[in-house]
Structures are given as C-alpha cells and as structure tokens.
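Enquirer: Handing you a structure now.
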Amino acid sequence: MAENDAQAGLFDKIVNLSKRRGFVFQSAEIYGGFRSTYDYGPLGVLLLRNVKDAWWRSMVQLRHDIVGLDASVLSPPAVWEASGHLSNFTDPLVDCTNCHTRHRLDKLDDPDVCPSCGTSGSLTEAREFNLMFRTHAGPMLESAAEVYLRPETAQGMFINFANVLQTSRKRPPFGIAQIGKSFRNEITPGNFVFRTREFEQMEMEFFVPPAESPQWYDYWCKERMEWYRDLGMPADKLRLRPHGEDELSHYSTGTSDVEFLFPWGWDELEGIANRGDYDLKQHAEHSGERLEYFDQATNEHYVPHVIEPAAGATRTAMAFLMAAYHEDEVNDDTRVVLRLDPRLAPYKVAVLPLSKKDALTPTAHEIFDIVKGRWMADYDETQAIGKRYRRQDEVGTPYCVTVDFDTLDDRAVTVRDRDTMDQDRVSIDRLEEYLGERLG
Ligand code: ATP
C-alpha cells in the first residue's frame, strides 16, 4: 500500500512539476483546456527534442544501414485501405447505461462492470470504433475529398520503399526511420501525456531477406532495450514482454513490448514486431507497383520481411522524467532532483552570477557566451544562490557555473555538480574543457 501511495504521489508530482516548471501545459488552458491535448513548454520542448535526437542518433546517424524520412501527415484513403486501417484500426467501445461514461472493452479489468461507477451489467454491447481522424482536402466536403491524418508514421516508410531503395542504393538488410506526429481518436485518453489524441512517434522499418527475419527480430529487441538502459532507464523499471499467441496480429510471427513501470503499473513504451511481408505485399497489391528487391547474387526477386521497432516519443519522454525524479534529504530539507542523463537534460549548464550587481554581469555574459555554442544553457540572476541551485536541480541541469566577486580577481568560477553537489573552482580558460570532459 505504501508503495502504491508513493507511486500515486509520484504521478501527481510529475504532473505538478511539469506545469510549474514549464515542461507540459494543458492545451488551450485559457479557454478552459482542451482535453487530453498538451503543449510542451520551454523545458518540455528541450526534453522531447533530446529524446528524439538520441533516438535519431542511434538509429540513423551512427548506422550505415538506416536512412531517414519525413513523410506527410495527410494521406488519401487508398493508403489506409491497403494497410488495413480503414477496416481494422478499431477499438471496441462500450457505454455505461448508468453513468454514461465510455470505455474500451479490451482495457477493462472486468468486462461486465463499469470502471467509473462500479455498476454490474450496465455496459452496452461493444461497437467497433475507428480511431482515425478524417478530414477533407480543399473546399468541398464531399467523400471524394476525404483524407486522413496518419494514425502511425510507419505507412510512410512502406509507401516510399521503392523511392528510398532506388535513391539511397541500400539493399536488405536496411532500414527507414521517421519521427513525427500521429493522431488517434482515442476513446479513453488519459494518464497525462501517456495516451493522447495527438502524439509523436519514432518508428523504423527494417527490411530483411525473409530467412533472416527471426535473427533480426531478436537483434532489434536487444538493441532497443539497450537504448533505454544507456540513457539511464533503471533496470528494475524496464522490461521486455513478448506477446502471447492470442495478442499477435494475424501477420506477425513475433511481437514484444518494451514496458516501463509507470505509477499505475507496467505499460508500453514501444512495440517491436516481426511483420513479415504483410505491408509491402498489401501496398503492392493495392497500388499495382512492384515492391520487391532484386538480388543480383541469386538472380531472384523477393519481398523483404520487416522488423518494426515503434516507439512513442511523448510517452517515452514522460517515462524518462518519472525515472529521473528523486527526492533527497539534505540538511533536514527535501531536495527534488531530476537525475536525467546529461544528453536528455533540457539545460546542460546554468550560468548564475552570485548577485545582480553590475560588476558581475560582463563576466557572467562572457561565461554564457563560452558555453552557449556547445550546450543548451540557462542564465539566471534572480533570487538567492541556494534557491537557484534547487531550481536547476529540479529540472535536471547537470552543472551550475557561479560567477562571484572573487572571479573578478582570480578569473575562476565555481562549478557545482547536480548529483554530488560537490563544487570545483575552475579557471575560466579551462571551463570549456572541464565541462566537455563531463558532458561530451
Ligand atoms: P496502445 O496499446 O497503448 O494503444 P499500441 O500498441 O496501439 O498502443 P502502437 O500502434 O504499437 O501502439 O504504437 C507505437 C507506440 O506509439 C506505442 O508504444 C506508444 O509509445 C505510442 N503511442 C501509441 N498510441 C499513443 C497515444 N494515443 N498517445 C501517446 N503515445 C501513443
């Protein structure tokens, strides 16, 4: 119970910190708020960008066998007809006849009991509800002008398979990676940014010779788990959960979820699936294009199989926030500190002149100029220095650089470490090198 309370407390603390320090705001708040839609504030946009950059770096920059893509959000029905989303991308929806709330049948603990009012037998028969957002291109609200907002980024990679193959001169095994917004008309959005109607995904489709797909599936499960661990996700909050036979899509021969221990229990950050040749075959059949690879060594055409690691950027950013949140006891006081990996921290360095006195300003600006080209830095000269340290701890800034009156004589500054709170006196000439050794 104590553990449950602590976990429920953590959720409230993260929501509160996010609002108070400018990570995440309720969208359209001044108009009463638009439910389940969020805006990323000055710190949230940096955290989210760092998560996406870390993914892009490991998936695209550091690999010779994966290339990037940025496909459109709007797409014609033909794409979703072929992918199966028009007929299958549905959730079973039930209504409670007692309290008039709506629920996803597949997420209920007991399919006969309303989770809102607890009434037994009050739920209607399930109706299949398509999660895609539909709109119209151009001025005519007619069915011929219907288009969809993509519910996943993945289809962009499949429909550009031939374009990328020809222009990049890659050959299987190779991948196409994309980061971008996706939209789902979720029936039960909630848990803050965990499930929203507009969110960001980081997806990669890895095209392989059919016989090699089991080994590449194992490879990507390991590789993706390692990405989270390397960025500081604690081992006891991260697990890989293989899907049972009954959970698998009809075309998948293997799917595993990367799960994080959220305050409400284990839940998904990413799905890794062996999708076989389903997607390329569907699009080949519906478009009439040949979506194959010609292997010159064997003189054969074949349809590559696909391994897909599909992660949520917004969800993952929140998981990193939760994993990083700590409360330390320091001198009978509680210190909130985000132990974010420096690569994910919104600010890497904060420049803090000890006082607002004019005498310190030019040197403090000089320090800011030294660091700003290499690292995202904050500059803060208000409040007592102790309070400013705590404000930086609370948003995960790894290093605070203080300019004091001695600096004017010795041309040295105090550098404070977020985690140990140790302070070093470092000469201004050596500051960039000192920080570089620690931040990279
Ligand atoms: P769920 O079962 O939670 O609805 P899913 O299995 O349908 O998710 P995928 O289609 O595999 O999700 O999407 C890949 C990733 O995209 C998910 O692991 C998740 O991180 C993210 N994602 C999916 N839907 C949402 C959403 N509504 N809000 C935020 N992130 C989402």
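Enquirer: Using alpha carbon centroids, what distance separates the stretch 313-380 and the stretch 84-110, in Å?
Expert: Using only Cα atoms to place each centre, the spacing works out to 43 Å.
Enquirer: Fully extended, how many nm does the chain gain between residue 128 and residue 285 (0.36 nm per residue separation, minus their Cα-Cα distance)?
Expert: On the way: separation 157, 0.36 × 157 = 56.52 nm, distance 2.62 nm.
Computed gain between residue 128 and residue 285 is 53.9 nm.
Enquirer: Which lysines have a Cα less than 23 Å from the Cα of residue 170, not counting those fewer than 8 places away in the same chain?
Expert: Leaving aside lysines fewer than 8 places away in the same chain, those within reach of residue 170 are 281.
Enquirer: For the charge dipole of the stretch 347-439, defined by +1 on Lys and Arg C-beta atoms and -1 on Asp and Glu C-beta atoms about the Cα centroid, which residue among 395, 359, 415 has the Cα displaced farthest towards the positive pole?
Expert: Sorting the options by dipole projection puts first 395.
Enquirer: So, one more: Between the helical axis of 2-20 and the dominant principal axis of the chain, each derived from Cα atoms, what acute angle in degrees is found, rounded to the nearest 10?
Expert: Value to nearest ten degrees: 80.
Enquirer: May I pose another question? Please flag any cysteine in the chain that has no other cysteine's Cβ under 4.7 angstrom from its own Cβ.
Expert: Among the cysteines of the chain, those whose Cβ sits 4.7 Å or more from every other are 221, 400.
Enquirer: Counting only DSSP beta bridges with both residues in the stretch 347-439, tell me the antiparallel percent, nearest 5. Before the final figure, lay out the partial values.
Expert: Details: 9 of 17 bridges.
That works out to approximately 55 percent antiparallel.
Enquirer: Now a separate question. At residue 86 and residue 230, where each label point lies 7 Å from the Cα along Cα→Cβ, what is the point-to-point distance in nanometres?
Expert: Label-label distance for residue 86 and residue 230, simple model: 4.1 nm.
Enquirer: Hey, another quick one. Which ³J(HN,Hα) values, rounded to whole Hz and listed in residue order, are derived for the stretch 237-250 from phi using the Karplus coefficients 6.51, -1.76 and 1.60 in 6.51 cos²θ - 1.76 cosθ + 1.60 with θ = phi - 60°, glycine and proline given as x?
Expert: Rounded to whole hertz, the list is 10, 10, 8, 10, 10, x, 5, x, 3, 6, 8, 5, 5, 4.
Enquirer: Continuing with the same structure: Relative contact order for the stretch 347-439 using alpha-carbon pairs under 8 Å, separation at least 6, rounded to a whole percent?
Expert: Details: 144 pairs, mean separation 27.6, N = 93.
Reported relative contact order: 30 percent.
Enquirer: What does the convex hull of the alpha-carbon atoms of the stretch 347-439 project to on average, in nm²?
Expert: Taking a quarter of the hull surface, the average projection is 5.2 nm².
Enquirer: While we're looking at this one, here's another question. Could you work out the relative contact order of the chain? I mean the mean sequence separation of Cα pairs under 8 Å and 6+ apart, divided by the number of residues, in percent. Please report the intermediate quantities before stating the final value.
Expert: Values: 790 pairs, mean separation 55.2, N = 440.
For the chain, the relative contact order is 13 percent.
Enquirer: Right, here's the next one. Contour minus end-to-end for residue 113 and residue 167, with contour as 0.36 nm per residue of separation and end-to-end as the Cα-Cα distance? Write down the numbers at each step before the final one.
Expert: Numbers: separation 54, 0.36 × 54 = 19.44 nm, distance 5.49 nm.
Full extension of this stretch gives 13.9 nm more.
Enquirer: Which chymotrypsin sites (Phe, Trp or Tyr not before Pro) in the stretch 333-440 sit in a loop by DSSP (not H, G, I, E or B) and have at most 16 other Cβ atoms within 10 Å of their own Cβ? Provide the component values of the computation, followed by the final result.
Expert: Values: sites: 347, 368, 375, 379, 389, 399, 405, 434; in loops: 347, 375, 405.
Here the chymotrypsin sites (Phe, Trp or Tyr not before Pro) that fit, given the DSSP loop and packing criteria, are 405.
Enquirer: In the chain, what percentage of the DSSP-assigned beta bridges are antiparallel, given to the nearest 5?
Expert: Values: 72 of 83 bridges.
The antiparallel fraction comes to roughly 85 percent.
Enquirer: Whole-Hz ³J(HN,Hα) for each residue in the stretch 366-375, computed from phi via Karplus 6.51 cos²θ - 1.76 cosθ + 1.60 with θ = phi - 60°, x for glycine and proline: what do you get?
Expert: Once θ is set to phi - 60°, the couplings for the stretch 366-375 become 4, 5, 4, 5, 5, 8, 5, x, 9, 9 Hz.
Enquirer: How much net charge surrounds residue 403 when only the other residues with a Cβ under 13 Å from the Cβ of residue 403 are counted, with Lys and Arg +1 and Asp and Glu -1?
Expert: On the way: positive: 356, 357, 388, 411, 416, 425; negative: 358, 366, 369, 380, 381, 404, 406, 409, 410.
Here the charged neighbours net out to -3.
Enquirer: Can I ask one more? Given 0.36 nm per residue, what is the gain on full extension from residue 330 to residue 67 after removing their alpha carbon distance, in nm? Display every interim value, and only then the final one.
Expert: Details: separation 263, 0.36 × 263 = 94.68 nm, distance 4.76 nm.
That pair, residue 330 and residue 67, stretches by 89.9 nm at full extension.
Enquirer: Sequence-distant or interchain residues sharing an amide H contact under 5 Å with residue 335, placed H: which?
Expert: 328, 329, 330
Enquirer: Per the helix-only calculation at 222 nm, which mean residue ellipticity applies to the chain, given -39500 (n - 2.57) for every DSSP H run of n ≥ 4 and division by its residues, nearest 500 deg cm²/dmol?
Expert: Numbers: 13 runs with 137 residues, N = 440.
-9500 deg cm²/dmol, from helical runs alone.
Enquirer: What nm distance separates the two modelled labels at residue 405 and residue 417, each placed 7 Å from Cα along Cα→Cβ?
Expert: My value for the distance between the label points is 3.0 nm.
Enquirer: What is the Cα centroid distance between the stretch 8-29 and the stretch 145-180, reported in whole angstrom?
Expert: 35 Å
Enquirer: May I pose another question? Amide H of residue 276 versus every other amide H placed in the peptide plane: which residues, excluding those fewer than 5 positions away on the same chain, fall under 5 Å?
Expert: 253, 306
Enquirer: In terms of modelled amide H atoms, which long-range or inter-chain residues lie less than 5 Å from the amide H of residue 269?
Expert: Those qualifying (amide H under 5 Å, at least 5 residues apart or on another chain) are 258, 259, 260.
Enquirer: Where does the longest stretch of the chain lie that holds no GluC sites (Glu not before Pro) found in a DSSP loop with 13 or fewer other Cβ atoms within 10 Å? Intermediate values should be presented prior to the final figure.
Expert: Working: sites that count: 125, 142, 289.
Longest gap between qualifying sites, sites excluded: 290-440.
Enquirer: Hey, what did the stretch 1-89 get for relative contact order, percent, Cα under 8 Å, at least 6 apart? Mind showing how you got there, number by number?
Expert: Details: 47 pairs, mean separation 13.0, N = 89.
With pairs under 8 Å counted, the relative contact order is 15 percent.
Enquirer: Filter 19/387; 19/237; 13/356; 52/107; 52/181 down to the pairs with a C-alpha to C-alpha distance above 22 Å, please. Walk me through the numbers on the way to the answer.
Expert: Values: 19/387 19 Å; 19/237 24 Å; 13/356 32 Å; 52/107 29 Å; 52/181 12 Å.
Too far apart for the 22 Å limit: 19/237; 13/356; 52/107.
Where a number appears in this text, it was derived from the coordinates with a stated rule and is not lab data. As the structure is a prediction and not an experimental result, all values here were calculated from the model. Quick reminder, even Gly has a Cβ in these numbers, built from the backbone with ideal geometry, and neighbours come from all protein chains shown.
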